[in-house]
Amino acid sequence: MPQDHTERRVVVTGPPRQAGRASGYYRPRTEIDEQTTLGHTYVRSLMRTQLRAALTVFAVLGLLVGPLPLLFAAMPDARRLEWAVLGFGLYAPLVLLARWYVRRAERNERDFVRLVEDR
């Protein structure tokens, strides 16, 4: 009995391969690395939020420390009061202001990283 030696064609299937990026898909990290206009916009947005936090701290500091020379000029014989205000009265608000600024800057950076990481 002769055996039929016809070739059988075998089809192997697997997960589909992606040829490239989908048309509506973009990666912000790639945009930043390639220095495109969109990447520049992302970085400029981060810089703007950091600048806004810094200007807020500067304004509060100016309102806190700015009037002190006028206060001290109004009371010329109060040297101990001046040192008490400068040495002890300003310390706590300055520390709190610095702490707020650091936390705000870190939160801005964390939000930016979350945006860039595509989560």
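Values as computed for the structure displayed
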{"read-out": "Residue list for the range 41-84, given a label point 7 angstrom along the Cα-to-Cβ vector of LEU115 and an amide N cut-off under 19 Å", "value": "41-56"}
{"read-out": "Solvent exposure, largest accessible area first (probe 1.4 Å, DNA, RNA and ligands not counted), of MET75, MET47", "value": "MET47, MET75"}
{"read-out": "Exposure of ASP33 as accessible area (Å², to 10), given a probe of 1.4 Å and all protein chains", "value": "110"}
{"read-out": "Reciprocal of mean inverse Cα separation for the range 26-89 (Kirkwood radius, Å)", "value": "15.3"}
{"read-out": "Karplus-derived 3J(HN,Hα), 6.51/-1.76/1.60, for each residue of the range 88-93, Hz, glycine and proline x", "value": "10, x, 8, 4, 4, x"}
{"read-out": "Loop-located GluC sites (Glu not before Pro) in the range 28-119 whose Cβ has at most 11 other Cβ within 10 Å (DSSP)", "value": "GLU34, GLU117"}
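The values are calculated or read from the model by the stated rules, or taken from the named source; none is laboratory data. This is a predicted model, so every value here is computed, not measured. All Cβ positions, even for glycine, are placed from backbone atoms using ideal geometry, and neighbour counts span all protein chains on display. In case anyone asks, the SASA skips ligands and DNA or RNA and just uses the protein heavy atoms, side chains included. Shrake-Rupley method; radii C 1.70, N 1.55, O 1.52, S 1.80 Å.
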